[in-house]
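Following: one structure in structure tokens, then a few remarks.
The values are calculated or read from the model by the stated rules, or taken from the named source; none is laboratory data. In this text the structure is predicted, and so the values were computed from the model without any measurement. Because the Cβ atoms are built from the backbone with ideal geometry, glycine has one as well, and the counts that use them run over all protein chains shown.
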Amino acid sequence: MADPSQLQPSPALNPLGIEAGTYAHDPLGFVLFAFPWGEAGTVLERDPGPELWQREVLLHIGRSLGSVSDAIRIAVASGHGVGKSALVAWIIVWALATFRDTRGIVTANTATQLKTKTWPELTKWLRLAVCADWFDISATAIASTEPVHERTWRIDAVPWSLRTTEAFAGLHNQGRRLIVAFDEASAIPDPVWETIEGALTDRDTEILWLATGNPTRNTGRFRECFGRFRHRWLRHQVDGRKVSLTDKGEIARWAADYGDDSDFFRVRVKGEFPRGGAMQFIDSETVEEAASRPAEGHLRQPLVMGVDCARGGDDQSTIWFRRGRDARTVPAIKLRVGDLMVLSGKVAEQALRHRAAAVFIDEGGIGAGVVDRVRQMLAGHLVVGVNFGGRADRYTLGDGMPLTANKAAEMWASMRAWLKTGAIPDDVELKAELTAREYGFDLHNALRLEKKEDMKKRGLSSPDNADGLALTFAYPVADLPENTRFEDGAGRGVVGVTSTESDYDPHADL
């Protein structure tokens, strides 16, 4: 184990530092001591302290310290909103405050999750702790304020990358304390786990590895913490129905929408792994192949526009184009505008410029006004409002029941099938949004996509680009007739229908 003399948090050996040091092997005691639980005038004045399951994890760590020669591995699979990020933050604050020159890293399933959820939660709790002034906090690191210890006494936020796993391979802290935290660990790929496994080999070192998250995949290393490698991990599965922090109204809504025995409910509420495969609706390999595949199509295929209208805030309006298997050649347009007329004008301008055969516009929220205005501006063109929450109308089971729960799921299902042979741009936002969304099935066994508000609760942005592309699959559009002339407004090239007098009927396949 580590040198007991290091169990001295110092700064300057003040009374607070000495008292904190007494909790070096008692994380639960430290959490109860270090934060202002129930104190009037603080954000915790109505908070009595850790939940029962959190206390059990902290006690497990305390009992293992000093009695386990290998790294202590803690795996927590839980439903949504049970307080797992807070628990990770407490453990890291405890580890830093009670052992001089503790080092560690924190990573998450995505850089966005790490930046917007995991790291802010950690810094929030550190600022609440009695030892807050012992450490400096930046966007990517927490480091000791003691001179010459800023490099040896610190925690770093490190986004994972399969190309730079050496950032994890160099993790050592011989003779002291070392901590690694994986947030939303289901989506962290196996090579990162394997690199960490090989790095945690220091002798006489207190090593703690935390892996927490919703159990969204029934394969991979996080799943194996509860299966093949269960003997190496202290395992906790947390049911959101038994935790006071969770929104019971939301849980009831999920039960009504998906059923309390569905994979969605198992993962998001019960903290159980899905019976089926990963809940990721579109896999990363399919998206990467579509981004690298040559764009191919023929000129008789209609150019279709999909317009996703932003609701404001951090969301953006997007305009995407697709001709057959090609969604790359005509560049997408991304806009952050609050003026409905400006957005409508841009949509009409792009439709005329590229001679779009059909324009499908998200008619939810401000989109209804955009649909009306664009129809007015493009008289004679096919402009269709699409309600994402509306009824799916194309894919049904043999008994007439829908395969998809709503129009959004129907369009995304069409897009997922198309991506097997289609071509998309190498757009970072689009690729991230296509692969981020999860899914489940409702009580009628119809496919239902994860709602946008639920995605945002996971630290993800609204899938504005992916929805824009999905809108190009709202309805089938007939190929152009063989005798159609093709040119742009200046007679350059072959880009689309040249005359509104053409007998082309884009509805022909509807």
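Looking only at residues in the range 230-260 that are assigned to a loop (DSSP other than H, G, I, E, B) and of a type outside the set (D, E, K, R), the one that is modelled with the lowest pLDDT is GLY259. The number of residues in the range 395-442 that are modelled with pLDDT of 90 or more, of a type outside the set (Gly, Ala, Ser), touching a Ser or Thr at 6+ places or on another chain (Cβ under 6 Å) and part of a helix (DSSP H, G or I) comes to 1.
Number of residues in the range 330-362 that are closer than 15 Å to CYS309 by Cα, without any contact (Cβ under 8 Å) to a residue 40 or more places away in the chain and either of a type outside the set (D, E, K, R) or surrounded by 15 or more Cβ atoms within 10 Å (Cβ to Cβ) (or both): the value is 12.
Here ALA211 meets each of (1) modelled with pLDDT of 90 or more; (2) part of a loop (DSSP other than H, G, I, E, B) with one exception, condition (2). Of the residues in the range 34-53, none is assigned by TED's automatic domain parsing to the domain that holds GLN174, buried (at least 23 other Cβ atoms within 10 Å of the Cβ) and charged (D, E, K, R). If you filter the range 178-194 down to residues that are buried (at least 19 other Cβ atoms within 10 Å of the Cβ) and in a helix (DSSP H, G or I), you find that the one that is modelled with the highest pLDDT is ALA185. Taking first residues from the range 166-185 that are under 12 Å from VAL106 (Cβ atoms) and partners that are modelled with pLDDT under 90 and of a type in the set (Ser, Thr, Tyr), the Cβ contacts under 6 Å between residues at least 6 apart in sequence or on separate chains come to PHE168/THR195. As a summary of the residue check, THR216 satisfies the conditions (1) among the β-branched types (Val, Ile, Thr); (2) surrounded by 18 or more Cβ atoms within 10 Å (Cβ to Cβ); (3) more than 19 Å from ARG275 (Cα to Cα) except for the one numbered (3).
Please pick out the residue among GLU363, GLU453 that is over 25 Å from the mean Cα position of the chain (by Cα) and within 25 Å of LYS334 (Cβ to Cβ). Outline the logic, then answer.
Numbers: GLU453 fails: over 25 Å from the mean Cα position of the chain (by Cα).
Testing whether each residue is over 25 Å from the mean Cα position of the chain (by Cα) and within 25 Å of LYS334 (Cβ to Cβ) leaves just GLU363.
When restricted to residues that are without any contact (Cβ under 8 Å) to a residue 40 or more places away in the chain and among the polar types (S, T, N, Q), the range 191-244 contains 2. For the range 152-177, a residue qualifies if it is modelled with pLDDT of 80 or more, over 20 Å from ALA211 (Cβ atoms), surrounded by fewer than 21 Cβ atoms within 10 Å (Cβ to Cβ) and not charged (D, E, K, R), and the qualifying residues are THR152, GLY175.
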